[in-house]
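Written below as structure tokens is the structure these notes are about.
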Amino acid sequence: MGFFGKTDPLAKLSAQAEKNPKDPKIALDLAAMLKAKGAQATAIEHYMRAVSIYVEQGFAQKAAAVAKQIISFAPDVIEPHEFLAKHYETNNLKEELRLELKQLVRLYGDVGRGDDASRARRQMESLGPGR
């Protein structure tokens, strides 16, 4: 490019993400850049894309770490909580599952998903008493 034609880093990274849709690092970098620019909803989409890529590649722990990262700045987004609940259930992590289900009951209730809230509550109760 010339003196006046600087490439927009966001556009460049978006183009890289389109060319490499299965690269979790690019998805994470794009998500972080979007988050820094205040585009939280779009950033969350890219973070969740990284979660999916990690799961497909067999890196469930990395996927869980990204889901927790989303929750750290957007605690009321349901999708990462649902992912973590499924992850904890698969790995028989009952206390962690209980905490996620408790969050999901609240979040589902907040958005009027009563059936999902009831299902999560029943699942939580089926775990038995906690610690």
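The values are calculated or read from the model by the stated rules, or taken from the named source; none is laboratory data. Keep in mind that what you see is a predicted model, and the values were worked out from it rather than measured. FYI the Cβ positions are ideal-geometry reconstructions off the backbone, even for glycines, and counts take in every protein chain you see. All accessible areas refer to the heavy atoms of the entire protein, side chains included, with ligands and DNA or RNA removed. Shrake-Rupley method; radii C 1.70, N 1.55, O 1.52, S 1.80 Å.
Cα centroids of the stretch 75-121 and the stretch 28-50: 22 Å apart. For the chain, find the longest principal axis of its Cα atoms and tell me its angle to the long axis of helix 60-73, 0 to 90°, nearest 10. Roughly 80 degrees, rounded to the nearest 10. Of all accessible surface on the stretch 21-131 at a 1.4 Å probe, what whole percent is carbon and sulfur? Here carbon and sulfur together make up 52 percent of the probe-accessible area. Axis of helix 78-90 versus longest Cα principal axis of the chain: the two differ by about 60°, to the nearest ten degrees. Structure remark: mean-square fluctuation, Gaussian network model of the chain, C-alpha springs under 10 Å; the largest value among Leu101, Leu13, Leu30 belongs to Leu13. For the chain, the longest principal axis of the alpha carbon atoms and the long axis of helix 114-126 meet at an angle near 60°.
Over the chain, DSSP H runs of length four or greater, each weighted -39,500 (n - 2.57), average out per residue to a 222 nm ellipticity of -24000 deg cm²/dmol. Taken about its Cα centre, the chain carries a charge dipole of roughly 220 debye when the Cβ of each Lys and Arg holds +1 and the Cβ of each Asp and Glu holds -1.
Over the chain, the pair-distance histogram of Cα-Cα distances with 5 Å bins from zero comes to 2, 11, 18, 17, 16, 14, 8, 6, 3, 2, 2, 1, 0, 0 percent, rounded to whole numbers. Evaluated with a Cβ-only charge set (Lys, Arg +1; Asp, Glu -1), the stretch 14-59 carries a dipole of roughly 100 debye about its Cα centre, given to the nearest 20. Pairs exceeding 32 Å between alpha-carbon atoms, taken from Lys12/Lys86; Lys35/Lys102; Lys22/Lys68; Lys12/Lys94; Lys35/Lys86; Lys37/Lys94: Lys12/Lys86; Lys12/Lys94; Lys37/Lys94.
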